[in-house]
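Enquirer: One structure, as structure tokens, below. Some questions next.
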Amino acid sequence: MKLAGKKALITGGNSGIGLATARLFVAEGAEVAITGRDQETLKGAITELRPNARGYRADVTAAEDRKQLFSALAKEFGNLDIVFANAGISGRTVTGATDEAIFENIIYTNLNGAFFTVNSAVPLLNDNGSIIFNGSVHNHLGQSGMAAYAATKGGLVSMARAIAADLAPRNIRVNVVAPGATKTPIWKRGSRANDTAEQSAKLADFVSSSIALGRWGEPEELAKAVLFLASADSSYINAIELVVDGGMTGAP
Ligand code: NDP
């Protein structure tokens, strides 16, 4: 068991990559605290992972929610060894026609939400811990409509390097996992919520054709990379971005 006796906080642990990671962490001996906004999926995840999981409803963009979350964690869960700042949203922001509120929501969720989660978690983090941010291949792609999203994911990589320097004296490592196209509900949310079946199929084919391995990633494949960064297997890996994309960015 790679995480025996460890305690992990996973934001957005009620869906997609976060939930797959929570399952793997529990299987590897960890106790996990998962957060999300949606009560129903949160309840489902806790029921499935009981007795090794606790769930907390918290919006990463809301300062009051974070305050309540970390006060509850300190009382009910104790110190942390691992933080996976995973919660995030996608969204299209076509330059010249982007509403400021949509742009800000992406920034506040993906960048501010991740930073202030970690900022509040640090006092609870044990020495020798591990922090992992969930980035994206969009840090490297330069795709139309993704200005805000790409900025947040690139920002996480720069931020992780600086935080790694802040926390190095305590041997707390800080890294970013950068998923490529991964089969999760994010692809059916936000601006894609009203896509027709035909549009979804077209998008799925387009994405697959741009990946060297010719297929989408599974959330469980991302979870394995997060486990690697969270565990002692990566004890000398710090301040890096680990791209997990089936060759989307690295291969012709
Ligand atoms: P999901 O939509 O399945 O998961 C997103 C998670 O983030 C949900 O648990 C959601 O909780 C949570 N979340 C979103 N906004 C907030 C908020 N304001 N406060 C608290 N929680 C919030 O998608 P993924 O699993 O794919 O996404 C996880 C991460 O992976 C994201 O950061 C995403 O950018 C990144 N990523 C995903 C890729 C993919 O192809 N799937 C590719 C590259 C990166 P709730 O449902 O309760 O709102």
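The values are calculated or read from the model by the stated rules, or taken from the named source; none is laboratory data. Everything quoted here is computed from the prediction, not taken from an experiment. So basically every Cβ, Gly included, is an ideal-geometry build from the backbone, and we count neighbours across all protein chains shown.
Enquirer: Can THR35 be described as of a type in the set (Val, Ile, Thr) and without any contact (Cβ under 8 Å) to a residue 60 or more places away in the chain?
Expert: Yes: the conditions hold for THR35.
Enquirer: Residue check: is THR182 farther than 25 Å from PHE116 by Cα and either more than 13 Å from the chain's Cα centre (by Cα) or of a type in the set (D, E, K, R) (or both)?
Expert: So THR182 fails the test.
Enquirer: Restricting to region 63-114, give me the number of residues that are farther than 30 Å from PHE228 by Cβ and of a type in the set (A, V, I, L, M, F, W, C).
Expert: Counting residues in region 63-114 that are farther than 30 Å from PHE228 by Cβ and of a type in the set (A, V, I, L, M, F, W, C) gives 6.
Enquirer: Still on this structure, please answer the following. Determine whether LEU111 is under 20 Å from ILE17 (Cα atoms) and in contact with a Leu (Cβ under 9 Å, 6 or more places away or on another chain).
Expert: Judged against the criteria, LEU111 is a match.
Enquirer: Then there is this: Mind listing whichever residues of region 123-139 are surrounded by fewer than 18 Cβ atoms within 10 Å (Cβ to Cβ) and either in a helix (DSSP H, G or I) or of a type in the set (S, T, N, Q) (or both)?
Expert: PRO123, ASN126, ASN128
Enquirer: Looking only at region 171-199, filter to residues that are free of Cβ contacts under 8 Å to residues at least 12 places away in the same chain and of a type in the set (Gly, Ala, Ser); which one of those is nearest to PHE228 (Cα to Cα)?
Expert: ALA193
Enquirer: Working only within region 14-72, note down all residues that are among the β-branched types (Val, Ile, Thr), more than 9 Å from the ligand (Cβ to nearest atom) and either farther than 21 Å from ALA223 by Cα or surrounded by fewer than 23 Cβ atoms within 10 Å (Cβ to Cβ) (or both).
Expert: Of everything in region 14-72, those that are among the β-branched types (Val, Ile, Thr), more than 9 Å from the ligand (Cβ to nearest atom) and either farther than 21 Å from ALA223 by Cα or surrounded by fewer than 23 Cβ atoms within 10 Å (Cβ to Cβ) (or both) turn out to be VAL26, ILE46, THR47.
Enquirer: From the list GLY145, GLY247, GLY154, which residue is away from the ligand (no atom under 11 Å from the Cβ), in a helix (DSSP H, G or I) and either buried (at least 21 other Cβ atoms within 10 Å of the Cβ) or not basic (Lys, Arg) (or both)?
Expert: Criteria check complete, one pass: GLY154.
Enquirer: Being in contact with a Lys or Arg (Cβ under 7 Å, 6 or more places away or on another chain), modelled with pLDDT of 95 or more, within 28 Å of LYS188 (Cα to Cα) and within 14 Å of the ligand (Cβ to nearest atom) narrows it down to one residue among ASN134, ASN139; which is it?
Expert: Every option except ASN139 fails the conditions.
Enquirer: If we scan region 121-129, do we find a residue that is β-branched (Val, Ile, Thr) and within 14 Å of the ligand (Cβ to nearest atom)?
Expert: no
Enquirer: Among the residues of region 176-217 satisfying the criterion of being part of a loop (DSSP other than H, G, I, E, B) and touching a strand residue (DSSP E or B) at 6+ places or on another chain (Cβ under 9 Å), which is farthest from the ligand (Cβ to nearest atom)?
Expert: Filtering first and then ranking leaves ILE211.
Enquirer: Moving on. Six or more apart or on different chains, Cβ under 6 Å: which pairs go from a residue in region 47-61 that's more than 18 Å from GLU76 (Cβ to Cβ) to one that's aliphatic (A, V, I, L, M) and in a strand (DSSP E or B)? Could you list them?
Expert: Cβ pairs passing all conditions: none.
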